[in-house]
1. Note the angle between two axes, namely the Cα long axis of helix 109-130 and the longest principal axis of the Cα atoms of the chain, as a number of degrees from 0 to 90, rounded to the nearest 10.
2. How do LEU164, LEU207 stack up against each other in accessible area, from largest to smallest, with a 1.4 angstrom probe?
3. Roughly how many nanometres apart are two label points built 7 Å out from the Cα toward the Cβ at ILE3 and ALA68?
4. Of all the C-alpha pairs in the chain, what % are more than 27 Å from each other?
5. Okay, helix-only estimate at 222 nm for the chain: each DSSP H run of n ≥ 4 adds -39500 (n - 2.57), divide by all residues, round to 500 deg cm²/dmol; what do you get?
6. Once you put a point 7 Å from the Cα of ALA61 and another 7 Å from the Cα of ALA130, both along the Cβ direction, what distance in nm separates them?
7. Please give the helix 176-188 orientation as an angle from the longest Cα principal axis of the chain, in degrees from 0 to 90, rounded to the nearest 10.
8. At 0.36 nm per residue, and after removing the present C-alpha to C-alpha distance, how many nm does the segment from TRP86 to ARG220 gain when stretched out fully?
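The values are calculated or read from the model by the stated rules, or taken from the named source; none is laboratory data. It should be emphasised that the depicted structure is a prediction, and the values quoted were computed from it without experimental measurement. Cβ sites come from the backbone with ideal geometry, for glycine too, and all protein chains shown count toward neighbours. SASA here: full protein model, heavy atoms, side chains in, ligands and nucleic acids out. Shrake-Rupley method; radii C 1.70, N 1.55, O 1.52, S 1.80 Å.
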Amino acid sequence: MLIPFNDDNPLEGITHAYVTWALIALNVLIFVFVQHGYRPEIDVASAFGYGAIPAVVTHAAVLPAEYARLPSELTLVSYMFLHGGWLHLAGNMAFLWVFGDNVEDALGHLRFLVFYLLCGIAGGLAHALAMPDSASPLVGASAGISGLVGAYLMLHPNVRIWVLMFMRLPLRIPAIWPLGAWIGFQLWSLFASGEQDTAWWAHIGGLATGAVLVVFMRRRGVPLWVMTRDGTPGGPPPV
């Protein structure tokens, strides 16, 4: 397991990543004050009321009235701000903290917010289409975070990032290696594990959407696939 916690990638187009900070704060506040730190009796209501339930999104089922809070279409946004526990929240926020500011820098504040929400919506739809009859609510920012991973790799594959291997060993390596491994794990899990507790299709949908959107939404003059610190495109990064 590789957990990112820092990168050597200064901002160039903006001075502060206000949207990234606001998203982190909003996720934490919702977890604490709406989900009450994942108290089960409260979380059931919030998960069914604000989570994206595939069968409801695809109109294969109707949510009981006591749980209905939003139109099913809006749950494709609200689900992104709920989490299944402190570890779920912390893992997603770590990725958002490390990679969000540089993607926001490349897109600008408003376009970054739109980008993040579109990645989350696309991931939620991918999950719903892959499991259209599922009655289990989808929660978590993972699809939006996956979009950030796809965009970051398109922008800065060779920037050195700090990761914790197995939660113990700090390593400073080019982004393409840990993020490439993360993508490989998502694909392997999708087709090999058979585990249904994690919405792998949401991850893949968000990832693909982020990689495509950043090409069209980045600010004018922001290059793609920068392999060196001076911004020169190049071949595979050094080991």
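1. Approximately 50 degrees, to the nearest 10.
2. Numbers: LEU164 50, LEU207 20 Å².
I get LEU164, LEU207, largest accessible area first.
3. In this crude spin-label approximation the distance works out to 4.1 nm.
4. On the way: 9584 of 28441 pairs.
Looking at the chain, the distances longer than 27 Å represent 34 percent of pairs.
5. It lands at -16000 deg cm²/dmol.
6. 1.9
7. In the chain, helix 176-188 runs at an angle near 30 degrees to the longest axis.
8. Net length gain for the segment: 44.4 nm.
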